[in-house]
Amino acid sequence: MLLPRLAFKSALRKAAPLLLAFAAPLALAPSEAIAQWRSGLTEINEAWATHAGDDPQWAQPNFDESNWPRVDIEDIGPAQPGWRWFRKQINLGPDGNSVRLLLQGGDGTYELFVNGTRIGGPRLNSAFNVRRPTERVFALSDPGGRFVLALRTHAPANYSAYHLPLFLSLTLGMPTAIEYERQALESQRLYALIPSLAINLLMCAAGLVSLALFLSQRGRREYLFLGLYLLVVGAANCLWIPQQEGILPTSANYWIADPLIFVFTILQIEFTFSFAQVRLSRLWRSYEIALLAPLALIPAVWTGHFSFDMYALIEAVTILPAGLLLPVLLLLWYRRGNREAGWLILPSLLPTATLFLFDLGGAFASMFRWAHFAILLQPISLGPAQLQVADLGNLTFLFAMAFVMFFRFTRVSREQARTAAELDAAREIQQRLVPPVLPKVQGYTLEAAYLPANEVGGDFYQVLGQPDGSTLLVVGDVSGKGLKAAMTGALAIGAIRTLCQQCVSPASLLTALNQQLLESQETGFVTCLCARMSANGEAMFSNAGHLAPYLNGAEVAIESGLPLGITSAAQYTQTIVRLDPEDSLTLLSDGILEARTSGGELFGFERTRDLSSSSAAQIAAVAQAFGQEDDITVLTVRFAPAAVRQP
């Protein structure tokens, strides 16, 4: 994006205007009269007197500039920073008393004086508002056809740093011929904008589409970084290209477009790692920070205190690692099994590589006068329009990414649809893991609270009557989330219902349940607390890795075996507890303990113990307000032998 010395002249003079009748060349040496004037065009680039500095007297027609050196104004090379005047005396004779002057010069770098009078229009602008050479037409009128032209110029350091000429050419002619010439030059200059602007506006539109995809799939950060990358690249080029053609000031490139190079290089890195689902290492983070370091040089380049060509070389070297290493990383990830990473290898190489070659060509051609490097700067001709090599790289990248992201989006959408279907199925199964209504149990008052988390978990509880008149209370938690956990929970509930009818003890039930889970070959495990409640207040407990129950606010000391589904060698013991009237027993899941604040503080055992004597609804509500992260299940049992009677 950094511009070396430009060859404007050869590109712009190819457009020959129509309807022109060319006259004999004008002799324009000072004080030499013109014998004949016809309508046509004549260049007046040669034999301009020039002098460095600034003195208002140099605009006067009677000033003697005979001791000033003479130059061909179109061959003086890049503008040097500072003040400089140019003077030329022209005698067209009476037939040339009203002509037009077509001047191609840096906008904001010159003022024109004719016969000592400043002509309105061109003026000297601040360094922030100078533009590359554009066309201007001035009306020259004098009864005798004698004109003294004086150009007062001032090239800011930022203009000179681009190796831009002050003037490309000056042409005299009749109004019609000059107007056709101006239109031809302007058209050829602006034609170069069309393909580049179209490509980069397309980049911006694609960036917005990618951001819209991110909004629909918030977990896919690659859409976010790709959208930002395309928008930044497109915006940077939409500033750089008009600046190239003199529509925007050079400051648009210095302060906005060029710094954005480092920004979109960082975004390309972030996109690549997000696309491959690989975490960015500290080394790459350090490189991203280092990419911003050259921005500190821009003020020095702007004021001429640091070489613009050296800055271009630094820019090329700084972005080179991204251009070279990202494709290498993608290849390594591809060989490790990430097939989608292979799709990005070539597309990721093109934008940075083309930009690197452009910067390298500009820096070497200007710093070392290696003319053969200028080929890296030449645009590709498309009839009257031109396409920059960097635009070709961006366009190829855009089409490749459209193909890649289409298939990525399609695959992710299918996965999301499948996940949503699984989640619906899991929620349906989850509803069957808890009884919709608690049964009445003789001698006991039961209360339950169940608050599922956002993600389907595997908490379950059951209250089942046994043939001998006792009641079996079971509270469990399946490891994992989603459909698999819900199905494992359903399997456990089915087995518990079957075993309950056999009137087995809690320890025997857990042993048999453990064996069935192992035979089902389901992965994961299940924690389970089983309690058989007799009408006389006897409670028999057996525990498979679950939280111990609480009795009247104190934890019941029972032995805990291994969770179910781990090993067939697991053994389970039983503990008998005698309840007195109005004793309260609380069974709960680890969703209470693991409730967590936004700051990371756990609800913990102490709060759980202090709260265990409360009602099931109150316990669940307090834990949820603290910060629910998992399913919350609470089952409270109060021994009230005279409170509830079976009809």
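The values are calculated or read from the model by the stated rules, or taken from the named source; none is laboratory data. These figures come from a predicted structure and were not determined experimentally. Every residue, glycine among them, receives a Cβ derived from its backbone with ideal geometry; neighbour counts consider all protein chains shown. The area values use the complete protein model at the heavy-atom level, side chains included, leaving out ligands, DNA and RNA. Shrake-Rupley method; radii C 1.70, N 1.55, O 1.52, S 1.80 Å.
Rg/Rh, computed from the Cα trace of the range 200-301 with Rh as the Kirkwood radius, has the value 1.04. Computed across the range 132-259, the Kirkwood radius stands at 18.1 Å (inverse of mean 1/r, all Cα pairs). When only alpha carbons are used to place a centre, the range 145-215 and the range 69-90 end up 21 Å from one another. How much of the pair distance distribution for the range 286-332 lies past 14 Å, counting alpha-carbon pairs only, in percent? I get 56 percent for the Cα pairs in the range 286-332 exceeding 14 Å. Based on the Kirkwood approach, the hydrodynamic radius assigned to the range 182-256 is 13.5 Å, with every pair of different Cα atoms included. Over the C-alpha trace of the range 53-94, radius of gyration and Dmax come out as 12.4, 39 angstrom.
Determine the per residue accessible area of the range 539-602 with all protein chains present and a 1.4 angstrom probe, expressed in square angstrom.
On the way: 2890 Å² over 64 residues.
Per-residue accessible area for the range 539-602 comes out at 45 Å².
Roughly how many whole Å is it from the C-alpha centroid of the range 579-608 to that of the range 463-498? When both Cα centres are located, 21 Å separates them. Residues in the range 246-361 average 43 Å² of solvent-accessible surface per residue, probe 1.4 Å, ligands and nucleic acids excluded. Taking amide H positions as modeled 1.01 Å from N, with prolines and chain starts lacking one, the residues under 5 Å from residue 140 and 5 or more places away or on another chain are 99, 100, 101. So which chymotrypsin sites (Phe, Trp or Tyr not before Pro) in the range 569-647 end up in coil per DSSP with only 14 or fewer other C-beta atoms within 10 Å? Passing sites in the range 569-647 do not exist.
Leaving out ligands and nucleic acids, note down the accessible area per residue over the range 464-523 with a 1.4 angstrom probe, in whole Å². Write out the running numbers ahead of the final one.
Numbers: 2400 Å² over 60 residues.
Dividing the accessible area of the range 464-523 by its residue count gives 40 Å².
For the range 299-354, give the percent of accessible area contributed by carbon and sulfur heavy atoms, probe 1.4 Å, rounded to a whole number. Carbon plus sulfur share of accessible area: 71 percent. Seen from a random direction on average, the alpha-carbon convex hull of the range 435-558 projects onto 7.9 square nanometres. Could you list the trypsin sites (Lys or Arg not before Pro) in the range 214-272 that lie in coil according to DSSP, counting only those with at most 13 other Cβ atoms within 10 Å of their Cβ? Qualifying residues, ordered by number: 218. Of 325, 260, the residue with the largest accessible area leads and the full order is 325, 260 (1.4 Å probe). DSSP loop (so not H, G, I, E, B), at most 15 other Cβ within 10 Å: list which GluC sites (Glu not before Pro) in the range 260-328 pass both filters. Taking the range 260-328 and a limit of 15 other Cβ atoms within 10 Å, no loop GluC sites (Glu not before Pro) are found.
The largest accessible area among 167, 403 belongs to the first residue in 403, 167, and the rest follow in falling order (1.4 Å probe, all chains). By the equivalent-ellipsoid construction on the alpha carbon gyration tensor, the range 488-647 comes out with semi-axes of 26, 23, 13 Å, ordered largest to smallest.
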